[in-house]
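The next block holds one structure in the form of structure tokens; read it before the comments.
Every number here is computed from the coordinates shown, using simple stated rules; none is lab data. From a predicted model like this one, the values you see are computed outputs, not experimental measurements. When we count neighbours, we look across all protein chains shown, and the Cβ atoms used for this are built from the backbone with ideal geometry, even at glycine.
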Amino acid sequence: MLRARTPADRRASGQAFEARAEALLSRHGLTPVCRNWQCRFGEIDLIMHDGATLVFVEVRQRDRSRFGAAAASIGNAKRERLRRAISMYLGALAHTPPCRVDAVLFDGDSAPEWLRDVLGERD
């Protein structure tokens, strides 16, 4: 019998995938700034630097594709929450650097997929 995942299970799993995503991006030269930055609009999973560019990273994971792949889980509502959270983060900075939003996707046992500039907004 399949046991339902508890919130603690989901949180631990999410943290493990965020650590894997951070390690992947670090291997490609990005440097970590913050993990799990929270505000009233939600959470930004990872914030990293890619040179002078500030990169906001959404980490998504799907065990099975029954409800769609990991990329499909970043819908319009999630995009809007990300935009608002990013705006709040940037509002606290003395100056706004060039930035972009990336996603690291984990689908089942496949290798992670790193998508750059998922919101289509340029530096």
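I'm trying to understand the selection: among the residues of region 85-112, which are free of Cβ contacts under 8 Å to residues at least 40 places away in the same chain and over 24 Å from Arg62 (Cα atoms)?
Ser87, Leu90, Gly91, Ala92, Leu93, Ala94, His95, Thr96
State all residues of region 114-123 that are without any contact (Cβ under 8 Å) to a residue 24 or more places away in the chain and surrounded by 10 or more Cβ atoms within 10 Å (Cβ to Cβ); if no residue qualifies, say none.
If the condition is that a residue be without any contact (Cβ under 8 Å) to a residue 24 or more places away in the chain and surrounded by 10 or more Cβ atoms within 10 Å (Cβ to Cβ), then Arg116, Asp117, Glu121 are the ones that fit.
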